Amino acid sequence: MSSPITSIRLSQLDFSLAQNQLFKQLNLSFYSGQHTALLGANGAGKSSLLKLICGDRQQQQGEITILGKPRQQWNKAELSRHLAVLPQSSELSFAFRVSEVVGLGLINSQLSYRDQQQLIKQQLQLMDIWHYRDTPYPQLSGGEKQRVHYARVTAQLANSQLEQQILLLDEPTSALDLNHQQAVMEHASKLSQQGATVVSVVHDLNLASRYCQRILLLKEGQICHDGSPEQVLTQSNIAQVFNYQAEILRHPQQAFPVII
């Protein structure tokens with residue numbers, strides 16, 4: 001794998017939400033080959049940060065660069081092959097079949113129809129929902145829908161080099177049962193290990209500790225701590241951000257911090 005590249009750069013970023021300044025002169029970079037968790041209490045700015053990166057919200061000042069190019073200079077179709085977003089909720093009111101929903105991620109794909117169908121099958125099998133391929137999407141449970149959309153956004157990126165794939169996940173495990181929480185986070189972590197940039201908003205500190213190489217702790221729009229799980233997930237840092245007195249243990253085999 002090639003050396004890590006700066007896939008996302010936020011420079012001197014100012015952003016206000018409902019007349020409250022959330023980010024001021026924010027400088028932050030994300031890198032290929034790294035899975036970063038954004039942690040913080042409600043209102044800390046985690047989801048707003050993802051929305052700024054993908055363009056759903058606009059900063060008042062500063063610049064956002066994606067793969068070396070200012071975001072506003074990207075052609076939308078071209079950018080969609082490099083950057084995919086899984087929002088907190090993704091609803092569809094039409095009775096698309098599950099395989100068709102995953103296929104929506106391939107609208108701008110340059111793959112042949114046959115290769116697209118093979119990729120859809122692969123992603124559905126990955127998320128353990130191949131047996132739902134012909135099921136109308138509205139009939140699924142919340143967790144099943146979340147897995148369909150994870151399959152969709154990862155399929156969206158599949159035609160780009162891994163080092164140029166950026167996956168933004170906003171609470172990707174919120175509707176999932178324990179087994180599928182682990183499956184999604186493990187897959188996202190493997191993508192990053194292969195070269196992709198993954199940024200996840202996570203509420204479960206233990207999932208972040210286990211599957212993310214980098215932790216950003218946010219409080220009221222400020223980055224309080226930035227580093228590895230071992231560096232960031234300490235009793236004092238957790239108390240500062242969450243007002244919770246945690247006990248920190250070590251996983252007996254893998255040694256990552258376990259928070260109780």
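The values are calculated or read from the model by the stated rules, or taken from the named source; none is laboratory data. Predicted model, so just to flag it, every value in this text is computed and none were measured. Methodologically, a virtual Cβ is constructed for each residue, glycine included, from the backbone with ideal geometry; neighbour enumeration extends over all protein chains shown. The area values use the complete protein model at the heavy-atom level, side chains included, leaving out ligands, DNA and RNA. Shrake-Rupley method; radii C 1.70, N 1.55, O 1.52, S 1.80 Å.
Looking at Ser141, Ser189 in this structure, which one is at pLDDT 95 or above, among the hydroxyl-bearing types (Ser, Thr, Tyr) and surrounded by fewer than 23 Cβ atoms within 10 Å (Cβ to Cβ)? Walk me through it before giving the result.
On the way: Ser141 fails: at pLDDT 95 or above.
Ser189 is the lone residue from the list that is at pLDDT 95 or above, among the hydroxyl-bearing types (Ser, Thr, Tyr) and surrounded by fewer than 23 Cβ atoms within 10 Å (Cβ to Cβ).
Residue by residue, here is whether (1) crowded, with 17+ Cβ neighbours inside 10 Å; (2) within 26 Å of Tyr244 (Cβ to Cβ) holds:
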position	(1), (2)
Leu13	yes, no
Ala18	no, no
Gln21	no, no
Ser32	yes, no
Asn42	no, yes
Leu50	yes, yes
Ile53	yes, no
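The rows are residues; the columns are (1) under 30 Å from Val148 (Cβ atoms); (2) part of a helix (DSSP H, G or I); (3) more than 14 Å from the chain's Cα centre (by Cα).
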position: Gln181; (1), (2), (3): yes, yes, no
position: Ser192; (1), (2), (3): yes, yes, no
position: His203; (1), (2), (3): yes, no, no
position: Leu217; (1), (2), (3): no, no, yes
position: Glu230; (1), (2), (3): no, yes, yes
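Of (1) modelled with pLDDT of 95 or more; (2) surrounded by 14 or more Cβ atoms within 10 Å (Cβ to Cβ), Leu176 satisfies all except one. Which?
Single failed check for Leu176: (1).
Which residues, taken from segment 90-114, are open to solvent by 80 Å² or more (accessible area, probe 1.4 Å) and out of contact with any helix residue (DSSP H, G or I) (no Cβ under 9 Å at 6 or more places or on another chain)?
At the first step, the residues of segment 90-114 found to be open to solvent by 80 Å² or more (accessible area, probe 1.4 Å) are 91, 93-94, 97, 107, 110, 113-114.
Gln110, Tyr113, Arg114, listed by residue number.
Read through the list (1) in contact (Cβ under 8 Å) with a residue 12 or more places away in the chain; (2) surrounded by fewer than 21 Cβ atoms within 10 Å (Cβ to Cβ), then give the number of the only condition that Ala37 fails.
That leaves (2) as the condition not met.
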